[in-house]
Structures are given as C-alpha cells and as structure tokens.
Amino acid sequence: MSEQWTVKRSGRATRISSGVFVLIGIVLFTVPLGFRADVVQQLTTLCTLLIMAVMWNVLAGYGGLVSVGQQAFIGFGAYATVYLAQLGVPAYLAVVLAALASAVLAVALAPLLLRLRGGQFAVGTWVVAEALALLVALDHELGGGTGVSLRGLNTIAPDWRRAYTYWLTLGFAVLLLVLVFLLLRRRSGAAIQAIRDDEEAAASLGVRIMPLKFMLFVLAGFGCGAAGALTLANTLFIQPQSIFGVQWSAYMLFMVLVGGIGTYEGPILGAILFFLLQDWFAQYGAWYLIGLGAVAIAFALFLPRGLWSLADDRLPFRLLPVGYTLRPAG
Amino acid sequence: MNWVNAIVQGILLGGLYALFACGLSLMFGVMRIINLAHGDIAVLGAFLVWSLTTRFGMNPFWALVPALPVMLILGYVLHRTVLARSLRGGPLTPLLTTFGLAIVIQNALLQAYNPDVRSLGGAAGGIATGSWRITDQLSLSYLGALILATAVLVLGGLQLMLRRTAFGREMRATAQDADTATLVGVPASSVYARATAIAVATATLAGVFLAVRSIFDASSGPTQLIFAFEAVVIGGLGSLWGTLWGGMVLGVAQTIGATIDPQYSILAGHLVFLIVLASPHGRSLLALRREGRTT
C-alpha cells in the first residue's frame, strides 16, 4: 500500500500562493516611498495588530493557552522601551531590546503560569498584567499613573520617523510570521497541531507538551513585547491604564476568533478585518465594543474555526505549505 | 493597634471577597469553567438594584428581594442559551464566550447608564455608616459584620445543600463525571443551569454589598473577578470554606498593604496571590483539579 501514496508538502498552486505572500510582503516595504504619512501610520497600526493576533493565536490556537493577560507583555515592552530610552539607548534599538526583555520576562513567568490550566491560566496572566501596571504606576521616573512620552524620536523629521517605525514594525511582523511558519513547518509543527487538537491524546503518543508550551509562551511574550514597544513608537505616548488594559486581550480574542483560531492565515485575516472595523465603527464607542463582544461570542459558538475555515474548506489547495497532503503516487 | 485594626478590617473585607468568590468557585467546581464575566454580572446586579433604589426609593437590601429572583432567572437563561452550547465546544470555548460576554455586559452598562461612579451607601441608611467602637483605633462597622455574616451563611448554606440535599448530591455527581451522572438519570444540563443561576445570584449579592460598602461603576467588574479568583486560588480550588479563608487572606493582605501606603493595597493582594501560586500549595492546584472535588 505504501508505494501507492506519497506525502507532499506543497503543490504548484501552494507554491504560487506562497510566492504571492512573499511578494505582498516585499511590496509593503515600499509603501512609505509612495504614500502619505497618515497611510503609513495606519499601516503601522495594522502591523502591530497583526503581530498581536498572530501571537495570541500561537498561544490559544496552538498551545491551548487562552491568555487574558498578554497586555502584561505589551505594557512591559512599551515601558522597557521608555526606560532604555531614558538611559540613553537610541529609541529604535530600545524597541528591539525591549522585545527581547519581554521574552526574558516570559521565561521568568513561565514556571509560575504554565502550571495553570484553562481558566486558571487566563486569569493568572491577567493578575500578572494588573500587578505590573500597578508597579509601573508607582515609578515616578516612568511617569507614574499619568503616562510618559518616548523621547529621542522627535529629533527625526516626522515623515521619516513614521517611515522608520513602519519599516521596523513590518520587519517584526514578517520575522514573527516566518518564525511561526518555521515552527509549524518543522517537526515541532506536527506536535503543536496535535496539542491543538487534543492535548491528552498528544501526550499519550509521546509528545512532550511542556517544552513546546514553554516555547510558544516565550515566543508570544517576545511578539507582544515587540507589539507594545512598536505601539509606543507609533503613538509616542502611553499611560499604564491603557497600555496594560484588558482591551488588548479583547481585541486579540476578536481578531483570532473571527479570522480562524488555530490556523496560520486566520489571524492575518482577522487583523485586517478588525483594523477596518475599528476604522469604520470606533466612533460608536460602547456600541462598537458591544458589537465586538457579541460577534466574538457568535463566532465561538457557531463558527469556531472562524472565517478562514469557510475559504479553507473550499480551496482545493493550501495557501501556505504548513501541512501535509496525501496524493496517489505516480 | 494600627496593625490590629488593619487585620480586623481585612478579615471583614475578606467576607466580601469570599462572597464574590463562591459563585466562581461553584461554577468551576461543577462545570470546570471559569466564568470570566462573573465580576461584570455582579456589577450588573448592582446596577439593577441601583435602578430599583432610585426609581422606587427602596432600601437597597429590600431591592434585593425582587432583584435576586430576576438574577436567578437570568443565570438560568444564560446557561441555557450561551454556556450550554459553549460547553459542547471544548475546554477553551467557555473561556472565549464568557470573555466576550464580559465585554458585552460592561459596555452595555456603560451605554445604558453612564461612566459615573456611584454608590448605594447613601440609600442604605445607617447600616452603611454605623459601627461599634471597641477602642479608640479599633472599630467594627455594622456593614462589614453584616457582609461577613452573609458570606458565612451563603457558604455554609451551599455546603449544607451540597452535602445534605438531593440536588446537592446530583451536583456532586455531575461534577465528578457528567456522563456517568447522565447515565444514572441525573439531568446534567439542568444541574449546570441551576448551578449557574445560584452563582449569578450570589454574585449579585456580592455586587450589591460592594456598591453599599464603597463605589462602583460600569467598569468595576474585571477587578472584582480578579479578586474573586485570587480568593479562590489562595483558599484552594474547589473548596468552599477554603474560599472564605482565601478571601480573608486577600483582604488582610490588602489592608496591611494600605496601612503601609494606600498605593500598595491592591498590589499587596496580587503579590500574596503570586506567592501562593509559586509555593508548594500552588503546585498542588493541579492535583486537586484531577481529583474533581467540589466541596
């Protein structure tokens, strides 16, 4: 039997669609050369949302770790950037270092938090975020509860500053997408997807769950720290209540649920949709958030695999070679 | 004397946290889910009582008489419509839906009322402000004692119900193994719905006490959820009396923190929670979970 089937990772269609993805990525890098500054700033926002969605999906979609406290890393990344900039580190270098520091924070928190399961993990991470927000608000050097602005970037001409921030954000987004792609594509991918489908069954087949969860948690810490630092670089001002706010988790949940939890393409789709919705409806304030919450509930109950599943089930091929396909040999 | 006062006030505050926590603990014990909308449901209850109080000039405690049945029904319907379906979707779905529900409730309250900070303390009359003076620096407020007594009564009542009544037996059976319980004729989904109704009613009670004791607004829910969760974890998951101790430890940590500096109050509570999580006691959390204990 075994000669009659071959396992393939990609076909021609997948190769073409992957090529299109890469091409879009390259084209996006040229945006600041041709568009107005506000478009660039908007796209920066989209890229930070994209990073958050992809990272939350890594946790919840693949690791089975629903976090309501990723804002701990978002806020930590932003405030680490402020702190480093105050020490005299160039602002953009500070953004990169802050992302790495967030990864270190994740390493430190992992033994404490990964012990928790399900809802305990969700609220446990939330407590960490609240505690960090309170600690930051105590520090007057960091502006206390009133907020702080990032110095060192205002010496750059605004148009160039927006372009640099955009390139750095896009660079981070591409880096993280590539990292997740490699994670799924390599041997770990099969294990991660097995955990996603059934953690206990995966464990019984010999998948070592804890090291993988640790890796996903640290990756998400790194990515969310980067997203926070980049949000700061984009807006230049932060307050502890908003950057450590639980609304980030609400946004991430919405993007991932609507796009498609546990898929590679879903969070990208979700981030774009959320970005457009925010642009159109954010003026409605509370009604907008009620809508977001209700839509998220509806998706969790009635379309748990998100919008992407509608496309994925109909497409005869995968857009990206992250899976395995069985084909008749010959 | 200052410290003694802090500890006494902390214990009284712990009664409130225990009251918030018992619904969370009950739902976790029976259904293995953490209701992320628990705090917002409590605030919803407080707003309902606020409306009754302002519209009809009722005392908030009398307003509980019509409000509690309404919230019981709401909890029952909540389970029948949203939670029952999400329980079928796997272990993560209830978290996602209750978090979505929290966002909806919080913003609906913001829309229906306004972002103003309110209190029911004025409407409650003398009980909200009176106290027994024991020494110059130590006093016991009527309200604190009432909240603690209510918490003990509610927890004790739940404990008795679980241990002694037929419904309690069904609940314990469902908590241990819902499928097997269904096989022997226990209607699991009805048990779940009734447990949710009880949890929502106790949350309402806690929300109203919070509103009488201090202030509340549409966005007070998440903080109360976090305190309730901390009380549950400090006291040991799945243990009702443990929840009371957990609430008191949290309350004492907060009041002692506040004695040092008001800014440290909540932070001290979070730190105690994280220390418990890091301790060997915290390590036994998972073991407790596997045993499937409910009481």
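Being under 19 Å from the mean Cα position of the chain (by Cα) and within 7 Å of chain A (Cβ to nearest Cβ) is the filter here; which residues of region B:81-96 pass it?
B:Leu95
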Q) What about A:Leu292, is it buried (at least 17 other Cβ atoms within 10 Å of the Cβ) and within 14 Å of another protein chain (Cβ to nearest Cβ)? A) yes
Q: Could you list all residues from region A:90-114 that are part of a loop (DSSP other than H, G, I, E, B) and either without any contact (Cβ under 8 Å) to a residue 60 or more places away in the chain or out of contact with any Lys or Arg (no Cβ under 8 Å at 6 or more places or on another chain) (or both)?
A: A:Pro90
(Q) Report every pair of residues separated by at least 6 positions or lying on different chains whose Cβ atoms are under 8 Å apart, first residue within region A:115-134 and more than 7 Å from chain B (Cβ to nearest Cβ), second in a helix (DSSP H, G or I) and among the polar types (S, T, N, Q). (A) A:Ala129/A:Gln71; A:Ala133/A:Gln241
**Q.** Criterion (within 21 Å of the chain's Cα centre (by Cα), in a loop (DSSP other than H, G, I, E, B) and over 19 Å from A:Ala94 (Cα atoms)) met by exactly one of A:Gly245, A:Gly189, A:Gly206
**A.** A:Gly245
Q) Got a sec? Which of B:Met27, B:Met1, B:Met71 is modelled with pLDDT of 95 or more and either over 18 Å from B:Ala128 (Cα atoms) or touching a Pro at 6+ places or on another chain (Cβ under 6 Å) (or both)? A) B:Met71
Q: For region B:93-114, name all the residues that are touching a helix residue (DSSP H, G or I) at 6+ places or on another chain (Cβ under 7 Å) and of a type in the set (A, V, I, L, M).
A: B:Leu95, B:Leu96, B:Leu101, B:Ala102, B:Ile103, B:Val104, B:Ile105, B:Ala108, B:Leu109, B:Leu110
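For B:Leu78, indicate whether it is farther than 14 Å from B:Ala211 by Cβ, assigned to a helix (DSSP H, G or I) and more than 14 Å from chain A (Cβ to nearest Cβ).
no
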Q) If you check A:Thr44, A:Thr48, which single one turns out to be surrounded by 18 or more Cβ atoms within 10 Å (Cβ to Cβ), touching a Leu at 6+ places or on another chain (Cβ under 6 Å) and of a type in the set (Ser, Thr, Tyr)? A) A:Thr48
Q: With respect to B:Ala268, determine if the residue is over 21 Å from B:Gly23 (Cα atoms), modelled with pLDDT of 90 or more and either part of a helix (DSSP H, G or I) or facing another protein chain (nearest Cβ under 9 Å) (or both).
A: yes
Q. Across region B:115-129, what is the total count of residues that are surrounded by 12 or more Cβ atoms within 10 Å (Cβ to Cβ) and either of a type in the set (Gly, Ala, Ser) or within 14 Å of another protein chain (Cβ to nearest Cβ) (or both)?
A. 7
Q) What number of residues in region B:63-84 are touching a Phe, Trp or Tyr at 6+ places or on another chain (Cβ under 9 Å) and free of Cβ contacts under 8 Å to residues at least 12 places away in the same chain? A) 0
Q) Out of all the residues in region A:90-107, which are surrounded by fewer than 24 Cβ atoms within 10 Å (Cβ to Cβ) and touching a Leu at 6+ places or on another chain (Cβ under 7 Å)? A) A:Tyr92, A:Leu97
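The values are calculated or read from the model by the stated rules, or taken from the named source; none is laboratory data. Everything numeric here is computed off the predicted structure, so don't read it as measured data. Every residue, glycine as well, gets a Cβ built from its backbone with ideal geometry; the counts of neighbours run over all protein chains shown.
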